[in-house]
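The structure under discussion appears below in the form of structure tokens.
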Amino acid sequence: MARRPPARVRADSPRRRTAGERVPTLSGLSPRGLASLVRLERTRLWPGAAAEALRAWEAFVRHPFHRLWDPASGCGVLQCCPDPDELRHVLDLVAHALPAEDARAFRERVAAAAELW
């Protein structure tokens, strides 16, 4: 059976954090919830994706002109002009990956922000 070279295995694996690098996480999660969130961000998203998406979603719905958002005029950058559909997709992925207790609290936090929508 053919074996992949170690360099190829390292190149295909997700990027590991360097010592001292801080990744934003969601507050109020259990250790089990944090572990599942880190696993999701390593495999399907990027480190800190959940915290960035939640912060961008809360800022988007609080902005007074959020109802005037036009997909043709936005740049799509998460920090500048986030696409609300992409934000909701990331938030839904996070909610499905979390354990039941943490997912419930996370969904309540997202729903509280979404009421402003």
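When segment 97-117 is filtered for residues that are surrounded by fewer than 13 Cβ atoms within 10 Å (Cβ to Cβ) and at pLDDT 90 or above, the ones remaining, listed by number, are Ala100, Glu101, Arg104, Glu108.
Listed by first and then second residue, the pairs linking a residue in segment 95-117 that is closer than 11 Å to Leu26 by Cβ and among the aromatic types (Phe, Trp, Tyr) to a residue that is open to solvent by 40 Å² or more (accessible area, probe 1.4 Å) and assigned to a helix (DSSP H, G or I), with Cβ atoms under 8 Å apart and 6 or more places separating them unless they lie on different chains, form an empty list. From the residues in segment 17-47 that are modelled with pLDDT under 75 and either surrounded by 15 or more Cβ atoms within 10 Å (Cβ to Cβ) or touching a Lys or Arg at 6+ places or on another chain (Cβ under 9 Å) (or both), which one is farthest from Glu108 (Cα to Cα)? Step by step, filter segment 17-47, then rank; the result is Val23.
Is it the case that Val94 is modelled with pLDDT of 75 or more, within 17 Å of Val38 (Cα to Cα), open to solvent by less than 80 Å² (accessible area, probe 1.4 Å) and among the β-branched types (Val, Ile, Thr)? Here the answer is yes, as Val94 does meet what is asked.
The values are calculated or read from the model by the stated rules, or taken from the named source; none is laboratory data. No experiment lies behind these values; they were computed from the predicted model shown. Don't worry about glycine lacking a Cβ; one is built from the backbone with ideal geometry, like all the others, and counts go over all protein chains shown. Areas reflect the complete protein model, heavy atoms only, side chains present, ligands, DNA and RNA absent. Shrake-Rupley method; radii C 1.70, N 1.55, O 1.52, S 1.80 Å.
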